[in-house]
Each structure stands twice: as C-alpha cells, then as structure tokens.
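Structure, as structure tokens:
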Amino acid sequence: MTPKERFIKALKREPLTGLVPHFELVFYLTMEVLGKVHPSHRSMHQWNQMTVREQELQLQDIASCHIDIAKKYGHSAIFVHSNAGGGDEQKRLLEIFRERTGDDYFLMLHGDCTYGMPNGDNMVEFTAQMYEKPDELKERAARGVDWALNFAAKYERSGLLDGFALCSDYCFNTNPFFTPDLFAELVAPYLKEVIAGYRRMGYYSIKHTDGNIMPILDQMADCEPDAFHSLDPQGGVDLKEVKRLYGNKICMIGNVNCGLLQTGSEDEVERDVLRCLGDGMPGYGFIFSTSNCVYTGLPLERYELMHRLWQKHGVYS
C-alpha cells in the first residue's frame, strides 16, 4: 500500500500490518534537516513582483521541503501550507505535489471556519460579543461555513486534495475557552455542518485543537470528524480513555508529549513514546504524531529519538 492508502485505512479504523502511519501537522525544523527555511517562515512580500518563472521555482522549492521531510521521516500525509500567493498559487502547489509524488501522499489544507480562542488583542471584545451579540456571531459563523464549503468545492473531483485539517484551537491546558453551553451555541453546529459538507464532497476531516478538550469532547465527537488531533497530554487528555469512548468511530492522532520532547530526559521521552504507542495501537484507528507539531525550538535529536522508537515499536504484526 502507498502511504496515503495506509493513512486512509487508519482514518477508517481498519486493520493494518507493518508500521503505524505517522505524520506531523507541521515540521518546522527544515533548516536543520534540509538547510532550507520552512515555507511558512519565508517572506513573500515580493511575490507579486516575481516573474511567472520565479514564482514557479518558489512553488517547486516549497513542495520539495514538504516532500523531502515526508520521505525522510516516513510521513503518510502532508499538510500543505506556505506564504506564497493566493488561490491560483495554492492550486498550482497541489498540482506540483501530484506531479512529483503521484497519489502517494494524503494531501490536506487548512479548512476550519469555526471560532477558536481569540488572541490577546481581541479577547475582551470577543468575550463581550458572546454574551451581548451572539446572533451576530452566529451569522458570521454561518457565512464562514458557506465560504469554506464553496472553497472546498473548487477542488471537488480534481484528485488534488484528500481532506482538511481543521485547526481552530478551542482550549487552554486547564479548560476550554468556551463553556460547554457556549460551545454548543457558537461552535458545534457550524463544526458539524462543515464536516458533513466536506464528507459529502468526499473529503476527510481531521479536527485539531490543543489543550483540555474533555469538557467538550462529547460535542466534538457528535460533529463526526474522521480524526481527533492532537490529544494533548499537557492538557490532561488521556489517549486510552478518549479511545475507549470514541475509538469505535473516530481515529486518534497524536498524544506524544511535546513538553517532554523539549525539556524532559531521554528516559522520560522514551517512556512517553512507548506509552503513547501502547495506548493508541490496540484496535487500530491510530496515527502516530506529537501532541502539537515539530515546532521551532524543539530539539531535532528529540524528534529523531521519537522517530526511532516508532520504527522499532510501532509495528503491527
């Protein structure tokens, strides 16, 4: 099977042999591995001044960064993202992936239109709106769903795209930003609608959020994503428990503790990786990953330790 086929079997929670599928939502350490700045960190303020040939060379190099990392570390899926251009450039980037790798990799784009936690600049204003102008927020959320589904329809039946990573973050490590009642009113209906719309078009949906999802887990599960990511242990999320509750209908992705990868001892990292594999592999429906991403500042040697442990212990007989 191709990496993409193995990834989809995991999303469908079907039996597998060999290595557990693996991917990272983002792998930022391209400078250390490839000697290239990560595509998301490149300044593209001169994009519109480039010739068509210069733009094509940039897109080819962006694709190379993603593809080379996926090949080196055995990733089954690629979250395609960069700072280059807009819609036409994004479509061309996906075309380059397919031209160079065929149908080997599961390709996804960002596709979350739901409200996440506001940043510090607008947290007070957004919080006030939740209680004072909820109807305005609902109208905006509905427009967001329409926009997302119209965008997805542009790629329908193109063969360029397999699914979406829904990356609105809902939670702090201690608790969700939204109370369960507010989540039910302002987020869940729109999350459910956009996931259902993607599914009708033949796309898979991977719902990402960091932090403590447990108070809203039932609502998230009711929206029927194909997978949960990142199952954050720093937010108190127990992979074994979430899998017990919803592993019969939702794939689990992630749960290797990023905090330990960055600051723990090698022994702590090894124990955590083996715990994650032990909790996630039984019954299939599991994709190995960090509990966030391979972010700037995370030591490459720690990710590579995690990677070696996966190769040795993340094997279905």
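The values are calculated or read from the model by the stated rules, or taken from the named source; none is laboratory data. Keep in mind that what you see is a predicted model, and the values were worked out from it rather than measured. Every residue, glycine as well, gets a Cβ built from its backbone with ideal geometry; the counts of neighbours run over all protein chains shown. Quick note on the areas: whole protein, heavy atoms, side chains included, nothing else; ligands and nucleic acids left out. Shrake-Rupley method; radii C 1.70, N 1.55, O 1.52, S 1.80 Å.
Cβ-Cβ contacts under 8 Å between residues 6 or more apart (or on different chains), taken from a first residue in region 300-313 that is within 19 Å of Met31 (Cβ to Cβ) and modelled with pLDDT of 95 or more to a second residue that is open to solvent by less than 50 Å² (accessible area, probe 1.4 Å) and small (Gly, Ala, Ser), are listed as His307/Gly74.
Among the criteria (1) modelled with pLDDT under 95; (2) within 20 Å of His229 (Cα to Cα), the one Gln55 does not fulfil is (2). Of the helices (runs of 4 or more DSSP H) lying entirely inside region 1-108, the ones with 3 or more residues being in contact with a Pro (Cβ under 6 Å, 6 or more places away or on another chain) are found at 3-11. Output yes when any residue across region 232-244 is part of a helix (DSSP H, G or I) and among the small types (Gly, Ala, Ser), and no when none is. Within region 232-244 (the criterion being part of a helix (DSSP H, G or I) and among the small types (Gly, Ala, Ser)), the answer is yes, since at least one residue qualifies. Which of the residues spanning region 266-317 are buried (at least 22 other Cβ atoms within 10 Å of the Cβ) and part of a strand (DSSP E or B)? Once the filter is applied, which keeps residues that are buried (at least 22 other Cβ atoms within 10 Å of the Cβ) and part of a strand (DSSP E or B), region 266-317 yields Phe286, Ile287, Phe288, Thr290, Val294. For region 252-264, indicate whether the set of residues that are open to solvent by less than 50 Å² (accessible area, probe 1.4 Å), more than 17 Å from Ile213 (Cβ to Cβ), free of Cβ contacts under 8 Å to residues at least 12 places away in the same chain and part of a loop (DSSP other than H, G, I, E, B) is non-empty. Yes; the residues of region 252-264 include at least one that is open to solvent by less than 50 Å² (accessible area, probe 1.4 Å), more than 17 Å from Ile213 (Cβ to Cβ), free of Cβ contacts under 8 Å to residues at least 12 places away in the same chain and part of a loop (DSSP other than H, G, I, E, B).
When region 117-143 is limited to residues that are open to solvent by 20 Å² or more (accessible area, probe 1.4 Å) and within 21 Å of the chain's Cα centre (by Cα), the one that is farthest from Tyr190 (Cα to Cα) turns out to be Asn119. For region 197-215, a residue qualifies if it is out of contact with any Leu (no Cβ under 7 Å at 6 or more places or on another chain) and either assigned to a helix (DSSP H, G or I) or crowded, with 23+ Cβ neighbours inside 10 Å (or both), and the qualifying residues are Tyr198, Arg199, Arg200, Thr209, Asp210, Ile213, Met214, Pro215.
If I filter region 80-100 down to residues being open to solvent by less than 30 Å² (accessible area, probe 1.4 Å) and in contact with a Phe, Trp or Tyr (Cβ under 8 Å, 6 or more places away or on another chain), which single residue comes out as nearest to Met44 (Cα to Cα)? Write out each step before concluding.
At the first step, the residues of region 80-100 found to be open to solvent by less than 30 Å² (accessible area, probe 1.4 Å) are 80, 84, 93-94, 96-97.
Checking the rest, the ones that are also in contact with a Phe, Trp or Tyr (Cβ under 8 Å, 6 or more places away or on another chain) come to 80, 84, 94, 97.
On the way: Val80: 16, Ala84: 6, Leu94: 18, Phe97: 20 Å.
Restricting to residues being open to solvent by less than 30 Å² (accessible area, probe 1.4 Å) and in contact with a Phe, Trp or Tyr (Cβ under 8 Å, 6 or more places away or on another chain), the top hit is Ala84.
Taking the numbered list (1) touching a Phe, Trp or Tyr at 6+ places or on another chain (Cβ under 9 Å); (2) open to solvent by less than 70 Å² (accessible area, probe 1.4 Å) in turn, Ala188 passes all entries but (1). The test for being aromatic (Phe, Trp, Tyr), farther than 14 Å from Tyr115 by Cβ and surrounded by fewer than 16 Cβ atoms within 10 Å (Cβ to Cβ) holds for Phe172. If you go through region 236-249 and keep only what is in contact (Cβ under 8 Å) with a residue 60 or more places away in the chain and crowded, with 16+ Cβ neighbours inside 10 Å, you end up with just Gly247. Looking across region 37-60, the residues that are open to solvent by 40 Å² or more (accessible area, probe 1.4 Å) and either closer than 30 Å to Tyr284 by Cβ or within 22 Å of the chain's Cα centre (by Cα) (or both) come down to Val37, His41.
Within the option set Asp181, Asp218, being assigned to a helix (DSSP H, G or I), open to solvent by 30 Å² or more (accessible area, probe 1.4 Å), charged (D, E, K, R) and more than 23 Å from Arg13 (Cα to Cα) holds for one residue only, Asp181.
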